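Okay, structure first, notes after.
Please treat every number below as a calculation from the coordinates, not as lab data. All values derive from a computational prediction rather than experimental measurement. Here the Cβ is made from the backbone with ideal geometry for all residues, glycine too, and neighbour counts use every protein chain on show.
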């Protein structure tokens, strides 16, 4: 089976010849990958069935100093104006929110949002997607997030307070972010990507970050707009929703909105087998190998056993892209990374 066909079958609840694989590496493990294999790309090294396509970086020279103040040396300011101050451990950063002190809707109106709609950012998307397809691979989009991007700008606590005490600020900020994300989602669909990736971290280890009612009031309608923006130009596009943690109460809502794939299936927070039993008729799954447990702290044989178990259970009958349930932690032994991919190769074929 061609890699793209295999991937499309898996995200469409179908039964491919074998389970597609994916993993995202932290910067430290990318260094190890280069040292051990000579490869720059995990996708090329381990033969992922898909490749990611994103918009080009911004050329805008926006000065966000009035919103951030003076930043420490080494701070990275992203295209949304969010400051990322290096922390003392690996790739972790402290976030500085440029709209933290906003008190009026006008301040949000006047804020310089990124130039994602500029033609130079996306004009060649069609060509780049076609080049991926020409290799027999599937094309997946970059990330579009609404709630997360809004609180990156405002601060999580401030945005949640806004929802109760300053709803006009929350409405305008979320609407402006949604407007940008809908444009990007539509362009990905027009370009022919096979999978639109969206989502927001709405779960914690023990339950939802916000109540289901709050999610339905503030986030569900905007997610619906994003999905509709893509499907209005390409009805057959598949949609992945990604959230860490536990968010079971709104899974039926996600299905209602047309989500096809649920990620990252964090086994420390939700039972993957229960998800398959409960929602396998409606959803495919992406992830399911623990990054808070087995992958960084187990032995290679533990990693292999978990991969095998996931393929036999949540992967039964298809509908699974096997992957770690988040980026592979930097402390993960390289032997465990190899064990993951070796196990996918060994157990991933459906012709046992």
Report the calculated FRET efficiency for residue 224 and residue 1 (r = Cβ-Cβ distance, R0 = 25 Å), to the nearest 0.05. 0.15
In cubic angstrom, how much convex hull volume per residue do the alpha carbon atoms of the range 7-63 span? 145 Å³
Each label point is 7 Å from the Cα along the Cα-to-Cβ direction; what then is the distance between the points at residue 56 and residue 126, in nm? 1.6 nm
In cubic angstrom per residue, the convex hull of the range 277-324 built on its Cα atoms measures 67 Å³
Taking 0.36 nm per residue of separation and subtracting the Cα-Cα distance, what length does fully extending residue 135 through residue 278 add? 47.9 nm
Compute the Kirkwood hydrodynamic radius of the range 99-209, taking the inverse of the mean of 1/r over all pairs of distinct Cα atoms, and give it in Å to one decimal. 15.8 Å
Residues in the range 322-352, backbone N under 20 Å from the label point at residue 302 (7 Å along the Cα-to-beta-carbon vector): list them, ranges by number please. 323-344
Going out from 0 in 5 Å bins, what whole percent of all Cα-Cα distances in the range 201-352 drops into each bin? 2, 9, 18, 19, 18, 14, 10, 6, 3, 0
Just to be sure I understand the model, the point goes 7 Å from the Cα along the line to the Cβ. What's the resulting residue 190 to residue 232 distance in nm? 1.2 nm
Rounded to a whole number, the Stokes-Einstein D of the range 81-158 in µm²/s (Kirkwood radius over Cα pairs; 25 °C; 0.890 mPa s) is 156 µm²/s
Return the Cα extents of the range 26-125 along principal axes one, two and three, sorted largest first, each rounded to a whole Å. 51, 39, 20
Mean shadow of the chain, computed from the convex hull of its alpha carbons, in nm²? 17.6 nm²
How much FRET efficiency would the formula 1/(1 + (r/R0)^6) give for residue 171 and residue 91, where r is the Cβ-Cβ distance and R0 is 35 Å, rounded to 0.05? 0.55
If you take the beta carbon distance between residue 113 and residue 346 as r and set R0 to 51 Å, what does 1/(1 + (r/R0)^6) give as a FRET efficiency, to the nearest 0.05? 0.60
Percent relative contact order for the chain, counting Cα pairs under 8 Å at least six residues apart, stands at 22 percent
For residue 327 and residue 41, calculate 0.36 nm times their separation in residues minus their Cα-Cα distance, and state this gained length in nm to one decimal. 101.5 nm
